[in-house]
Amino acid sequence: MNFQRPDNHGMTFKPTHAIWIAAALLITVGATAWLTRGKAVDLTLVSQGPMVQSVVTSGRIDSVARVDITSQTTARIDSILVREGDVVQAGAVLVRLRDDEAFANLKASQATAAEAQAHLRQLSAVQLPVSLQQLNQARAGARQADQELARARDLLAQGFISQSRVDEVERLAATARAQVLSASAQAQGNQAGGAETAAAQARVAQALAGVTAAATRLDSLNLRAPVAATVISRRADPGDTAQPSRVLLTLVSGSETRIQASVDEKNLKYVRLGQTARASADAYPEQPFPATLITIAPAVDALRGTVDLKLRVDKVPDFLRPDMTVSVEIITAQVPDALMLTTDALRVDTSGTPFVLFARDGRAVRANVTLGLQGIGSTQILTGLARGDSVILPTTNAMAGDKVRQGNAPATRGNAQPIPGLTQ
């Protein structure tokens, strides 16, 4: 039996061949799986719960009645009876100005008035009786003169006296009658309602008016509180000169406390009269207090692009002070049970329709949505999504219909954040 050596050109299977074949198969399967597993996307979950939308701004505490105490004239300050923080009652003297000249003028006016009143009394007590007596005497003298004239004319007719003598008696009689008229006029003038009495009464009224003016001038040098208030500013000291244009003290009344604030005009659509607000003083941030929006300015400040607001503080905390800086959060809308989605997940197509892409069965699916309340970070979803839906964030370039896979742990967004007033 003869044995032949195998031909070197024959096919021989070696173990290494199997290793390479297996490796190739693994690579092919892995590549196929890599290509078909989908894009990694960032997801956020739709949450549900109470939602509050608000506008946040800053402002200052203001009082309705703010009064600046100034002098009506230029005068030296003798004394200031109050300090900052003092509570004063209406009519209380706050500042005394030098009043030497005003006091002397008052005394002179009072003396003039007393003289005019004495003259008026003299008319009724002395001059009127005297003038009536003089009138009676004049009438008696006139009657006597008329009798003398009658006798003289009789004697002339009998030829006992000359015509010149009769003319002289007639002249005396005319003089006596004139004296009656003069005395009568004087008596009438001195009586109540007469010209002399009226003139005296006018002088009395004028003198009394002078007294009132002098007293008012003197009192104006005592600067008083117009209402019950608190002194918040003192800007002068005794010895200074008060002038009409210089504010010496500033008072605020405690009748009502308000907050002066403003918001960006783009947020005007969110604010309405009667909305409630939460305010907190920068010095006491841990003690918030409520306020109510009572005034919205009818015009926009063109330079700042803001709208002025006024809020009433119904229950004033003890620590509040005029001009104190406060932060204000105006509650513009509330929903007790809202679907909420992070605002970053929203998209808008070319027609302006809002939509989102959400993951369903490994695919990106488009859903048009209707929006409600909006704030920084969160937006209310009215229609188009349900609680727990996984929404694809636009951070990855996924399109509707693409195969997708989770690239991060889905985040749940909470309540909407306040809308900033942008007034800082």
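Residues of segment 67-87 being of a type in the set (S, T, N, Q), in contact with a Leu (Cβ under 7 Å, 6 or more places away or on another chain) and either over 14 Å from Ser220 (Cβ atoms) or not in a strand (DSSP E or B) (or both), which ones? Once the filter is applied, which keeps residues that are of a type in the set (S, T, N, Q), in contact with a Leu (Cβ under 7 Å, 6 or more places away or on another chain) and either over 14 Å from Ser220 (Cβ atoms) or not in a strand (DSSP E or B) (or both), segment 67-87 yields only Ser71.
Taking Leu303, is it under 23 Å from the mean Cα position of the chain (by Cα), part of a strand (DSSP E or B) and not assigned by TED's automatic domain parsing to the domain that holds Ser54? Steps first, answer last, please.
Values: under 23 Å from the mean Cα position of the chain (by Cα): yes; part of a strand (DSSP E or B): no; not assigned by TED's automatic domain parsing to the domain that holds Ser54: yes.
No: the conditions fail for Leu303.
Criterion first (in a strand (DSSP E or B), in contact with a strand residue (DSSP E or B) (Cβ under 7 Å, 6 or more places away or on another chain) and within 30 Å of Asp42 (Cβ to Cβ)) does Ala291 satisfy it? No.
In this structure, does Glu168 turn out to be among the acidic types (Asp, Glu), part of a helix (DSSP H, G or I) and either at pLDDT below 80 or not assigned by TED's automatic domain parsing to the domain that holds Arg143 (or both)? Steps first, please.
Working: among the acidic types (Asp, Glu): yes; part of a helix (DSSP H, G or I): yes; either at pLDDT below 80 or not assigned by TED's automatic domain parsing to the domain that holds Arg143 (or both): no.
In short, no.
Mind checking which residues of segment 69-105 are touching a helix residue (DSSP H, G or I) at 6+ places or on another chain (Cβ under 6 Å) and among the charged types (D, E, K, R)? Hit for segment 69-105 is Asp99, nothing else. Residues considered: Ala338, Ala398. Of these, the only one that is touching a strand residue (DSSP E or B) at 6+ places or on another chain (Cβ under 7 Å), buried (at least 18 other Cβ atoms within 10 Å of the Cβ) and not in a strand (DSSP E or B) is Ala398.
Residues considered: Ala90, Ala40. Of these, the only one that is outside any loop (DSSP other than H, G, I, E, B) and surrounded by fewer than 19 Cβ atoms within 10 Å (Cβ to Cβ) is Ala40. Return yes when Arg234 is of a type in the set (Lys, Arg) and in contact with an Asp or Glu (Cβ under 6 Å, 6 or more places away or on another chain) and no when it is not. In short, yes.
Going by the structure shown, is Leu385 farther than 30 Å from Arg258 by Cβ, assigned to a strand (DSSP E or B) and not polar (S, T, N, Q)? Working first, answer last.
On the way: farther than 30 Å from Arg258 by Cβ: yes; assigned to a strand (DSSP E or B): no; not polar (S, T, N, Q): yes.
When the stated conditions are applied, Leu385 does not pass them.
Being within 18 Å of Gly85 (Cα to Cα) and either in a loop (DSSP other than H, G, I, E, B) or among the acidic types (Asp, Glu) (or both) is a condition met by no residue of segment 269-282.
Scan segment 250-259 and tell me whether some residue there is assigned to a strand (DSSP E or B) and free of Cβ contacts under 8 Å to residues at least 40 places away in the same chain.
As a first pass, look at segment 250-259 and keep what is assigned to a strand (DSSP E or B): 250-252, 257-259.
Imposing the further condition that a residue be free of Cβ contacts under 8 Å to residues at least 40 places away in the same chain reduces the set to none.
The answer is no, given that none of the residues of segment 250-259 is assigned to a strand (DSSP E or B) and free of Cβ contacts under 8 Å to residues at least 40 places away in the same chain.
In segment 237-272, of all residues being among the β-branched types (Val, Ile, Thr) and either under 30 Å from Val328 (Cα atoms) or at pLDDT below 90 (or both), the one that is farthest from the chain's Cα centre (by Cα) corresponds to Val271.
The values are calculated or read from the model by the stated rules, or taken from the named source; none is laboratory data. Here the structure is a predicted model, which is why all the values come from computation and not from measurement. Note: ideal-geometry Cβ built from the backbone for every residue, glycine included; neighbour counts use all protein chains shown.
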